1. Residues with amide H under 5 Å of V478's amide H, sequence separation 5 or more or different chain, H placed in the peptide plane at 1.01 Å from N; which?
2. Please give the per residue accessible area of the range 176-270, computed with a probe of 1.4 Å over protein heavy atoms only, in Å².
3. Pop a pseudo-label 7 angstrom from the Cα along the beta-carbon direction at both W210 and R456 and give the gap in nm to one decimal.
4. Between V155 and T76, what is 0.36 nm times their sequence separation minus the Cα-Cα distance? Round to one decimal in nm.
5. Roughly how many nanometres apart are two label points built 7 Å out from the Cα toward the Cβ at Y321 and H406?
6. For labels at S487 and N371 in the simple 7 Å Cα→Cβ model, what's the distance in nm?
7. Would you please calculate the Kirkwood hydrodynamic radius of the range 130-260 over all C-alpha pairs and express it in Å, rounded to one decimal?
8. Identify, among S302, S336, S319, the residue whose Cα sits farthest towards the positive end of the charge dipole of the range 268-352, taking +1 on the Cβ of Lys and Arg and -1 on the Cβ of Asp and Glu, with the dipole about the Cα centre.
Amino acid sequence: MDLSKSIFLFVLFLSSLLSSQVMASTYHDHYLKRHGGISKFRLINRRSLIDCPVDNPYLSINVSTTSPLPDESYVTVTVNGVLHPDNFQWIAMISPSNSSVSGCPLASLNYIQTGDLSNLPLLCHYPVKMRLTWVSGDQRPQQVQYANGKSSPSVVTTFTKEEMCSFANIPSPAQDFGWHEPGYIHSTVMTGLQPSSTYTYRYGSDLVGWSKKIKFKTPPVGGSNELRFIVYGDMGKAPLDPSVEHYIQPGSISVTSAINRIIKVNNIDSIFHIGDISYATGFLAEWEYFLNIIEPYASRISYMTAIGNHERDYFESGSVYPTPDSGGECGVPYESYFQMPVSGRDKPWYSIEQGPVHFTIISTEHTWSPNSTQYRWIEADFLSVNRTRTPWLIFAGHRPMYSSTHSLIPSVDTKFRNSIEPLLLKYKVDLVLFGHVHNYERTCAIYQYQCKGVPRKGKNGIDTYYNSNYTAPVHVIVGMAGFSLDSFPSNVKGWSLARNSEYGFARVSTTRNNLQFEFVNSTTMEVRDKFRIVK
């Protein structure tokens, strides 16, 4: 088939570095489930790996996965047989095994001066992996060619009508009149990329043809000094002509147009879309339309997402909220098109580090009650954050904990807030981002509806929160990217410091001790609210 007639989606993201070698010395019973950040053993003088004879007949070292490791997986290393472990005995994972050190020659000199001349990767400069996803009518594997000579084959998936949800004898749109064949979803991982770098790629095959060459930029590596990102929720799509279709989100045109303009002239590293992605809600053809309108910028920079009610919720589907908001999709199309670095199917929560920021992305539509799988994951993720490496901790999901907007169906779930909010305070989350309510609203540093800290006017009159004396997180609703806007009541609570019912997006710039947040009107490009958090 002619490749130019297909619909394409490009989702680029950083993922865990799991193409590894394992090196082990004796240690007590130990399980290595995941890795991230820098071990205290980073100063150990590294040498080329050789076979290590073990004199202890009782020692047993087992690795759950043997080489070559897949691009995305968990590895478990189990060590048994050490009755009296010594503090100097240790276990380590070296990842990745074929890293380039060309990006950090100064750090290389630091190792050479110690006499370490080993040709091994430096921990200062991990390569980046980015996933590329596109849709085609061709079910055979295709390829992405990138970085002047590298290539990677695609893994091809699709989904069927039978995977959609329905209720009793009433078919859902996704299983009935809204069904549309999704084609074949191609996805592959581009490896060995350097952070904050520009590359080109093309995708396709000799049989069906190749795309044009596309230039894209990798985000800064976690632990580096700066990050600039855009964040919004509830965007969807709208026709460019006067035609009428199912579920139109009128502001989406101005927002996508504005982002296209800003990406061309500004140094934006990544985009976060936190729920209510396409509003296809069971009319599967509308995913294609949505993917087409974000392609100009989602093909060029990292595009990360969170799941919302209009992607996941349906009767008797396991959602927290038993509403028909997904039209029977139950998260299947969303997870097929947007393959985030999650731990498993229908577990759409994950974390990622870019620059000085650790992002914890959750699903408000899956159980978050204490002792649930997601709750335990959230706390474990917070515990893993190295605030020296990534001083900023940003928490994001779809449904908010605070909103001044009133509606027949409440937007704020008290149970959700009571379950998760104590974790935000305990682990000193700096900024909390939500959508779902279709406007922009910013709070004080808030906990249990009480202002624990209020900003002071800083340079140029900008509201500034001083987190060197941490009090509580600042919450911001950014659900103003497309859906018909929600208005505010005339009387609002004192914890609500800024409100705006205009279409737009948020633009965030961070350094290691300064976070600047701007709400930008997508029609005028004016900054309608601005604040800073400093450490």
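The values are calculated or read from the model by the stated rules, or taken from the named source; none is laboratory data. Here the structure is a predicted model, which is why all the values come from computation and not from measurement. Every residue, glycine as well, gets a Cβ built from its backbone with ideal geometry; the counts of neighbours run over all protein chains shown. Side chains are part of the model used for accessible areas, which takes the heavy atoms of the whole protein and leaves out ligands, DNA and RNA. Shrake-Rupley method; radii C 1.70, N 1.55, O 1.52, S 1.80 Å.
1. Under 5 Å from the amide H of V478 lie the amide H atoms of F434, G435, each far enough along the sequence or on another chain.
2. On the way: 3980 Å² over 95 residues.
That works out to 42 Å² for each residue.
3. 5.9 nm
4. On the way: separation 79, 0.36 × 79 = 28.44 nm, distance 2.48 nm.
Fully extending the segment from V155 to T76 adds 26.0 nm.
5. Computed distance between label sites Y321 and H406 equals 1.9 nm.
6. Simple spin-label model gives 4.6 nm for this pair.
7. On the way: mean 1/r = 0.0544 Å⁻¹.
Taking every pair of different Cα atoms in the range 130-260, averaging 1/r and inverting gives 18.4 Å.
8. S302
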